[in-house]
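Undergrad: I have a structure here, written as structure tokens, and I will follow up with some questions on it.
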Amino acid sequence: MTQQTALTVPCPECAADVAFAEAPMESEIVPCGDCGADLEVRGTSPITLETAPEVEEDWGE
Amino acid sequence: MNVLLLHARVRVEEKLLHAELTRRGHGTTMLAVDDLVLSLPPRDGDLDVRPFDVVFDRCLSHSKAQAALALLEGRGARCVNRAEVARVCGDKIATNVALVNADVPVPAATCAFSREAGVTAIERLGYPAVLKPPVGSWGRLLAKLNDRDATEAVLEHKETLGGPHHGIVYAQQYVEKDGRDIRAFVVDDDVICAIERRSPHWITNTARGARASGLTVGPALERISRAAARAVGGGIVAVDVFEAADGALLVGEVNATMEFRNSIETTGVDIPARIVDALERAAGADEVGAPARAREVGHA
Ligand SMILES: Nc1ncnc2c1ncn2[C@@H]1O[C@H](COP(=O)(O)OP(=O)(O)OP(=O)(O)O)[C@@H](O)[C@H]1O
Ligand SMILES: [Zn+2]
């Protein structure tokens, strides 16, 4: 593994820095380490984050 | 082959599947179902399904998946799982009907369509009973009912607080299952591996904190899992099995878009690879770069 520079984007809930070791995929869910909110990757270049929608009742396996 | 992977969230599972598809040189397009538009009849600007040899459903929402797969199959796309399989597995009552019709052993169950009839039905089924929303997952909103008082209370809450689909009462007999349930992974008629999930709580979903470990697939488990998968229409499914106190195996439900991140190391089976094998078979393109099967599509 090569050393990668972390990509950092502010959390839309609490403004803390959310760091990515590698480029994320769109629709990926990442938790904010500070406030615990689930964040959804909406764009990848540049990385944009939104609060992930709530789990709905008909979601599942 | 070219794969359209339909998703809601890209979880560990979707990333593993994407990585395996890419590793084998398959074209893989990730599409959030929330961005999908399909007109009737098809119009310019709709998703063009023709470039895809297979549409792979990994949606989280049962109702969205069901509608999307029906529309996609309607215009000639080959979907995995098939729309019919997603429909049957997404609804516990439809699953139960399919299993019973195929003589697959299941816990005794009952359905009723009002609070009053629900109380009568559950009294007749006997206690303890497990009340389940017909559509839902991850062990959410399950209620273990030990007596008539609890039944009356929970059904009143459902009627008062719940939406229209909570008007359907669906309950199974509680199976004394020795602290665990079994999950068998079936891919195209092949029972590829199984895990058991143990918990001190009667709900043994890993989403609810149960611990998973690998389990050898014996002949009885293999038989019932394959029969359950066939009963719902085959494809790529996870069969939840309870072993009752008398040793009988009973199928609790069948899942059509299973999670497997915790089952690869525990079983030693490369589940995403087995899934991609199935997609290749479905596409009829075993070799990379094989021509897409010609077929009629109803695209304008
Ligand atoms: N009839 C039953 N008897 C005993 N335990 C049950 C019964 N039905 C469900 N359970 C327990 O509850 C858990 C969840 O049940 P079930 O699989 O029906 O719900 P679910 O919400 O669809 O979960 P998932 O789809 O994630 O497996 C089971 O794994 C099992 O531990
Ligand atoms: Zn935050």
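Undergrad: So B:ASN146 fits all but one of (1) more than 11 Å from B:TYR170 (Cβ to Cβ); (2) more than 15 Å from ligand 1 (Cβ to nearest atom); what number is the exception?
TA: Unmet condition: (2).
Undergrad: Take A:SER45 and decide whether it is away from ligand 2 (no atom under 11 Å from the Cβ), exposed (fewer than 12 other Cβ atoms within 10 Å of the Cβ) and of a type outside the set (D, E, K, R).
TA: yes
Undergrad: Of everything in region B:131-146 that's of a type outside the set (A, V, I, L, M, F, W, C) and in contact with a helix residue (DSSP H, G or I) (Cβ under 9 Å, 6 or more places away or on another chain), which residue is surrounded by the fewest Cβ atoms within 10 Å (Cβ to Cβ)?
TA: B:LYS144
Undergrad: Return the only residue of A:VAL55, A:VAL41 being closer than 17 Å to B:HIS7 by Cα and either touching a Ser or Thr at 6+ places or on another chain (Cβ under 6 Å) or within 16 Å of ligand 1 (Cβ to nearest atom) (or both).
TA: After ruling out the rest, the residue left standing is A:VAL55.
Undergrad: A further question follows. Considering only region B:189-202, state which residues are within 8 Å of ligand 1 (Cβ to nearest atom) and within 14 Å of chain A (Cβ to nearest Cβ).
TA: B:ARG197
Undergrad: Okay, next question. Say whether the condition of being within 10 Å of ligand 1 (Cβ to nearest atom) and touching a residue at least 60 places away in the same chain (Cβ under 8 Å) is met by at least one residue in region B:207-229. Before the answer, list the steps.
TA: Start the filter on region B:207-229 by keeping residues that are within 10 Å of ligand 1 (Cβ to nearest atom), which leaves B:207-208, B:210.
Subset that is touching a residue at least 60 places away in the same chain (Cβ under 8 Å): B:207-208.
Yes, region B:207-229 contains at least one residue that is within 10 Å of ligand 1 (Cβ to nearest atom) and touching a residue at least 60 places away in the same chain (Cβ under 8 Å).
Undergrad: Would you confirm whether or not region B:94-117 contains a residue that is within 14 Å of chain A (Cβ to nearest Cβ), surrounded by 14 or more Cβ atoms within 10 Å (Cβ to Cβ) and within 20 Å of the chain's Cα centre (by Cα)?
TA: Looking through region B:94-117, at least one residue is within 14 Å of chain A (Cβ to nearest Cβ), surrounded by 14 or more Cβ atoms within 10 Å (Cβ to Cβ) and within 20 Å of the chain's Cα centre (by Cα).
Undergrad: With in a helix (DSSP H, G or I) and assigned by TED's automatic domain parsing to the domain that holds B:PRO42 as the only criterion, which of B:LEU72, B:LEU99 stands out? Steps first, answer last, please.
TA: Details: B:LEU99 fails: assigned by TED's automatic domain parsing to the domain that holds B:PRO42.
Step by step, each of B:LEU72, B:LEU99 is checked, and only B:LEU72 is in a helix (DSSP H, G or I) and assigned by TED's automatic domain parsing to the domain that holds B:PRO42.
Undergrad: Keeping to region A:13-43, report how many residues are among the β-branched types (Val, Ile, Thr) and more than 11 Å from every other protein chain (Cβ to nearest Cβ).
TA: Keep residues of region A:13-43 that are among the β-branched types (Val, Ile, Thr), which gives A:18, A:29-30, A:41.
Adding the requirement that they be more than 11 Å from every other protein chain (Cβ to nearest Cβ) leaves A:18.
Here the count works out to 1.
Undergrad: Answer yes if at least one residue in region B:119-129 is outside any loop (DSSP other than H, G, I, E, B), at pLDDT 95 or above, touching a Pro at 6+ places or on another chain (Cβ under 8 Å) and not hydrophobic (A, V, I, L, M, F, W, C), and no otherwise.
TA: No, region B:119-129 contains no residue that is outside any loop (DSSP other than H, G, I, E, B), at pLDDT 95 or above, touching a Pro at 6+ places or on another chain (Cβ under 8 Å) and not hydrophobic (A, V, I, L, M, F, W, C).
Undergrad: Ok, one more. Could we say that B:ALA227 is hydrophobic (A, V, I, L, M, F, W, C) and within 14 Å of chain A (Cβ to nearest Cβ) here?
TA: no
Undergrad: From the list B:VAL232, B:VAL254, B:VAL186, B:VAL241, which one is within 14 Å of the chain's Cα centre (by Cα), within 13 Å of ligand 1 (Cβ to nearest atom) and within 14 Å of chain A (Cβ to nearest Cβ)? Quick ask: steps written out before the conclusion?
TA: Details: B:VAL232 fails: within 13 Å of ligand 1 (Cβ to nearest atom); B:VAL186 fails: within 13 Å of ligand 1 (Cβ to nearest atom); B:VAL241 fails: within 14 Å of chain A (Cβ to nearest Cβ).
Within the list B:VAL232, B:VAL254, B:VAL186, B:VAL241, the selection yields B:VAL254.
The values are calculated or read from the model by the stated rules, or taken from the named source; none is laboratory data. Everything numeric here is computed off the predicted structure, so don't read it as measured data. Glycine gets a Cβ as well: all are built from the backbone with ideal geometry, and neighbour counts include every protein chain shown.
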